[in-house]
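Visitor: This is the structure I want to talk about, given as structure tokens.
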There are 2 protein chains.
Amino acid sequence: MVETPRRREIEDVASVLFREHGYSGTSVRDIARALDIRGASLYAHVASKQDVLWSIIDRMASRFEIAAADALAAASTPGAGPGERLMALVRAHVGVVADDVGRATVFVHEWRSVTGERHDQIVERRDRYEERFRAVIAEGVATGTFAPIDPEVAAAFTLTALNGIVAWYQPAGRIGPTDLADLYADLALHAVLATDGRREVPAGWREVPA
Amino acid sequence: MVETPRRREIEDVASVLFREHGYSGTSVRDIARALDIRGASLYAHVASKQDVLWSIIDRMASRFEIAAADALAAASTPGAGPGERLMALVRAHVGVVADDVGRATVFVHEWRSVTGERHDQIVERRDRYEERFRAVIAEGVATGTFAPIDPEVAAAFTLTALNGIVAWYQPAGRIGPTDLADLYADLALHAVLATDGRREVPAGWREVPA
């Protein structure tokens, strides 16, 4: 797919419509109407609605992948451990979401709408991406930095919380993207961090009266 | 709306279709076809597709509300604090999701598709529900049981992780509903729990070499 200004504009408009009405609830005619052109003219730039969706999903997936790879590389210096790596992964993910909440929303809600071989490809890329989180958490469990939790469950807990940002975050609100990344890194780290007596939780956990 | 076996069957079938294809991507004809009846016959039982959606959303919202109210009541005995209350809310929410992942998926993905006054009603009920989490977290911050975190952000983090269960959980898989509730309660509690030096996180947090 060749990136042209017109093509980019089509994706921008489609992202807004997919976010608002869902992929199923948006037609090529809706996209054309929002651009104030005829459907036939739109097909000069895109092969299908599925083609536009794929561009959006593929581009967002690449952004998540690059951000995670960069974050892990930066947090793999001597002295940095799984805690730093988990926080780096969380900050990277939050950064991508907060930078373009519209497209991130389409990514989170509509990646399942990608069809055919591309669907298999995106499932595989998603698994590889989640595996980075699972591996860092498993490493932290193995070294005792993290509590002896289930890495698969903890990774799912963490990643769904990160993707859930699209459900509530207002970039123009009181919390800026960097603060959001710090707050989420703090919550995600402590969710898994080893603390004294963590083994008793949750079965026998009771608060110590002040 | 009168609950009849036929009506319940329609909602069951619609839940499956809404989950698979989305509300926008499902027609009344699709629902009728799945029931092997004609569209006209379906209208003897339901007023519209919106009416079926509302039944599903309203029923699930009530289940979440009742479960949360019961959980808070049970965790408000003398000696129980915000930690117990947060864990009770988390377990209650996980219980409702895990008990009917199909309808929970429709609830999480499609509550925004409810229209008119009912949309306002569901937004208000959702806000009241989230407020229970925010209040318990704010209480824990005030008493020092929890770290001095932002209750709104922590509640959003927690609730989106809980709703994210619909994205990955397989009830017939290796983790049963009760274990899932325990694991999530553990993660959600520690995400907010006060620990020594938590104030330094995330700005200056570094792992202590073993």
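Visitor: Testing the spin-label approximation: label points 7 Å from Cα along Cα→Cβ at A:Ala74 and A:Gln170. State their distance in nm.
Guide: It is 2.9 nm.
Visitor: If I model a spin label as a point 7 Å beyond the Cα along the Cα-Cβ vector, how far apart are those points for B:Asp51 and B:Arg8 in nm?
Guide: A separation of 2.0 nm, rounded to one decimal place.
Visitor: What FRET efficiency do you get for A:Ala142 and A:Asp99 if R0 is 30 Å and r is their Cβ-Cβ distance, rounded to the nearest 0.05?
Guide: So, using R0 = 30 Å, E works out to roughly 0.35.
Visitor: Ballpark to the nearest 100 Å², how much total accessible area do B and A bury together, probe 1.4 Å?
Guide: 3900
Visitor: Another question, if that's okay. What percentage of the solvent-accessible surface of chain B, computed with a 1.4 Å probe over protein heavy atoms, is contributed by carbon and sulfur atoms?
Guide: Reported share for carbon and sulfur atoms: 53 percent.
Visitor: Now, a different point. Could I have the simple spin-label model distance between A:Asp36 and B:Ala135, label points 7 Å from Cα toward Cβ, reported in nm to one decimal?
Guide: 5.0
Visitor: Which distances in nm, rounded to one decimal and ordered from shortest, link the label point of B:Pro148 to the equivalent label points in the other identical copies, with labels set 7 Å from Cα toward Cβ?
Guide: So the distances to the same position in the other copies read 3.5 nm.
Visitor: If I take R0 = 22 Å and measure r between the Cβ atoms of A:Arg29 and B:Ser24 in this structure, what FRET efficiency does the formula 1/(1 + (r/R0)^6) give, to the nearest 0.05?
Guide: Efficiency for this residue pair is about 0.90.
Visitor: Give the long-range amide H neighbours of A:Leu193: residues separated by 5 or more places, or on another chain, with amide H under 5 Å away, using H modelled in the peptide plane at 1.01 Å from N.
Guide: A:Ala147
Visitor: Something else now. Can you list, shortest first and in nm, the gaps between the label point of B:Ser41 and those of its counterparts in the other copies, using a point 7 Å from Cα in the C-beta direction?
Guide: The projected label point of B:Ser41 is separated from its counterparts by 4.8 nm.
Visitor: For chain B, modelled as a Gaussian network with Cα springs under 10 Å, which listed residue fluctuates most, B:Ser55, B:Ser15, B:Ser24?
Guide: Answer for the Gaussian network model of chain B: B:Ser24.
Visitor: Another question, then. Segment A:75-129 to segment B:129-155: how many Å between their Cα centroids?
Guide: 28
Visitor: Taking chain B as a Gaussian network, where each spring joins two C-alpha atoms under 10 Å apart, which residue of B:Ala73, B:Ala138, B:Ala14 fluctuates the most?
Guide: Maximum among the listed residues: B:Ala73.
Visitor: Whole number in Å², please: accessible area per residue of chain B, 1.4 Å probe, ligands, DNA and RNA not counted.
Guide: Per residue, chain B has 46 Å² of solvent-accessible surface.
Visitor: Label-to-label distances across copies for A:Val123, with labels 7 Å out along Cα→Cβ, in nm, shortest first?
Guide: 3.7
Visitor: Now for a separate question. Please list, in order along segment B:93-108, the HN-Hα scalar couplings obtained from phi with the Karplus expression 6.51 cos²θ - 1.76 cosθ + 1.60 (θ = phi - 60°), rounded to whole Hz, x for Gly and Pro.
Guide: Here the 3J(HN,Hα) series is 5, 4, x, 5, 5, 5, 6, 8, 4, x, 5, 4, 4, 4, 4, 5 Hz.
The values are calculated or read from the model by the stated rules, or taken from the named source; none is laboratory data. As the structure is a computational prediction, the values presented were derived from the model and not from experiment. With ideal geometry, Cβ positions are generated from the backbone for all residues, glycine too; neighbour counts draw on all protein chains shown. Side chains included, ligands, DNA and RNA excluded: accessible areas come from the protein's heavy atoms. Shrake-Rupley method; radii C 1.70, N 1.55, O 1.52, S 1.80 Å.
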